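The values are calculated or read from the model by the stated rules, or taken from the named source; none is laboratory data. Keep in mind the model is a prediction, meaning the values are calculated, not measured. Cβ: placed from backbone, ideal geometry, glycine included. Neighbour counts: every protein chain shown. Just so you know, the surface numbers come from the protein's heavy atoms only, side chains and all, with ligands and any DNA or RNA stripped out. Shrake-Rupley method; radii C 1.70, N 1.55, O 1.52, S 1.80 Å.
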Amino acid sequence: MTNLCITIAANPPSRLDKALARDVPEEAALSRTRLARLIADGAVTRGGVVLDSAKIAVQEGDEINIKVPEAVSYDVVAQDIPLDIVWEDEDLCVVNKPAGMVVHPAPGTPDGTLVNALLHHFGGDLSGVGGEKRPGIVHRIDKDTSGLLVVAKSDRAHHGLAKQFEKHTAQRAYLALVNGVPDPADPRLMGTKGVSAGGRGDITITSGLARHKTERQRQAVFFDGQGRHAITHARVLERYGSPETLSLVECRLETGRTHQIRVHMTHAGHSLVGDPVYGGRRKVSAKAISPEAHKAVMAFNRQALHARELGFDHPVSGEPLLFQAEIPADMAELLKLLR
């Protein structure tokens, strides 16, 4: 158990949770969510009186005591599943996730996930995240998307990483094999709502993203203030076919919303090859590419998407870090046939 004594500074927010989020020392690494949980658990007091509501008013000079319990065991089984660890220190770990692996346990996938594998890999080397001895999942990539993820091993790392992802300062670049060629000179593409031309032959897609109104497993594009703000920048790296019928696109994210690249590229008329949800199964002309390549494209059984690049400032040391992951074997073989 750790005891923290916080003195409320001048001009505090009216609510207890907001005042604590502002005045708790950064090294304590207590997020507003964690503070709200501690308040609800009766761990926050003023003059010996328990403050059990986040809405309680505070004033400058109030001395607030917080009892922060030691991290408890996490109720998920550790499993010895091979991992491709790109980089690791005492605070965080960067993993190259294979396609087919779910990031976090859920009712339909209770085990075999990245979190199960990380718990085994870390062993006792976890100081605790959010009060539990667990990996801190700051961002996720879809089950059938491969590539880079950063995972926090400590509260201080989780807190610092979450701020960077919330402020959209982390760098994330993906490789996607898409139908067609997104060309800013294409009148149809430039006439699509939310699509604009960039300065280097790239395009930018800007919209709101939210759950589809009738198909609950899908996300959909919205405008006029609906949904969560999302921005994707896409640049063509390679073109395939005669006539050109497929392209390899680098997608850089300003925001990281659920299915963002898949939804945005489909909205632009360039769905990802193999995407079972957003129309990536559309037919490719057998005359435009070789028979071997055509067969491979039509048989590709996941969205052709790889998180190739991840950059951020180390949440503890402040050191800028940048990682890259080679394209996985299934996508590499497909591109080889197309070339």
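Just report the Cα centroid separation between segment 278-339 and segment 155-200, whole Å. Between the Cα centres of segment 278-339 and segment 155-200 lies a distance of 16 Å. Step through the table entries LYS283/LYS336; LYS67/LYS143; LYS18/LYS97; LYS67/LYS167; LYS67/LYS163; LYS97/LYS283, compare each Cα-Cα distance with 31 Å, and write down the pairs that go over it. The answer is LYS67/LYS143; LYS18/LYS97. Of the solvent-accessible surface of the chain, computed with a 1.4 Å probe over protein heavy atoms with every protein chain present, carbon and sulfur atoms account for 48 percent.
Using C-alpha pairs below 8 Å separated by at least 6 residues, the relative contact order for the chain is 14 percent. Spin-label model, ASP23 to ALA286: label points 7 Å out along the Cα-to-beta-carbon direction sit 7.4 nm apart.
What the chain shows is 48 Å² of accessible area per residue, with the surface traced by a 1.4 Å probe over protein heavy atoms. Between the beta carbons of THR169 and ALA10, assuming R0 = 25 Å, the FRET efficiency works out to 0.30 to the nearest 0.05. Near GLU238, the amide H atoms lying under 5 Å from its own belong to LEU248; only residues 5 or more places off or on other chains count, and H is placed 1.01 Å from N. Calculate how many DSSP beta bridges within the chain are antiparallel, expressed in % of all such bridges and rounded to the nearest 5. Here the share of antiparallel DSSP bridges comes out near 95 percent.
Counting only helical runs of four or more DSSP H residues, what would the 222 nm mean residue ellipticity of the chain come to if each run contributes -39,500 (n - 2.57) and the total is spread over all its residues?
For the chain, the value works out to -5500 deg cm²/dmol.
Here the Karplus relation 6.51 cos²θ - 1.76 cosθ + 1.60, evaluated at θ = phi - 60°, turns the backbone of segment 295-308 into coupling constants of 4, 5, 5, 5, 8, 5, 9, 8, 5, 7, 9, 9, 7, 7 Hz, with x for every Gly and Pro.
For segment 247-263, 3J(HN,Hα) computed residue by residue from phi via the Karplus equation (6.51, -1.76, 1.60; θ = phi - 60°) reads 8, 9, 10, 8, 10, 10, 9, 8, 10, x, 9, 4, 6, 3, 5, 4, 6 Hz, glycine and proline entered as x. Given a Förster distance of 25 angstrom, what is the FRET efficiency for LEU321 paired with SER196, based on the Cβ-Cβ distance and rounded to 0.05? E(calc), rounded to 0.05, equals 0.20. Measuring r between the beta carbons of ALA332 and THR214 and using R0 = 45 Å, the FRET efficiency lands at 0.75. Once backbone amide H atoms are built at 1.01 Å from N, GLN171 has GLY311, PHE312 as its partners under 5 Å, excluding neighbours fewer than 5 places away on the same chain. Relative to the dominant Cα principal axis of the chain, helix 329-338 is inclined by about 30°. Name the residue from VAL316, SER207, LEU83 whose Cα lies farthest towards the positive end of the charge dipole of the chain, charges +1 on Cβ of Lys and Arg and -1 on Cβ of Asp and Glu. The residue sitting most towards the positive pole is SER207. A Cβ-based charge dipole, computed about the Cα centre of segment 272-333 with Lys and Arg at +1 and Asp and Glu at -1, lands at about 620 debye.
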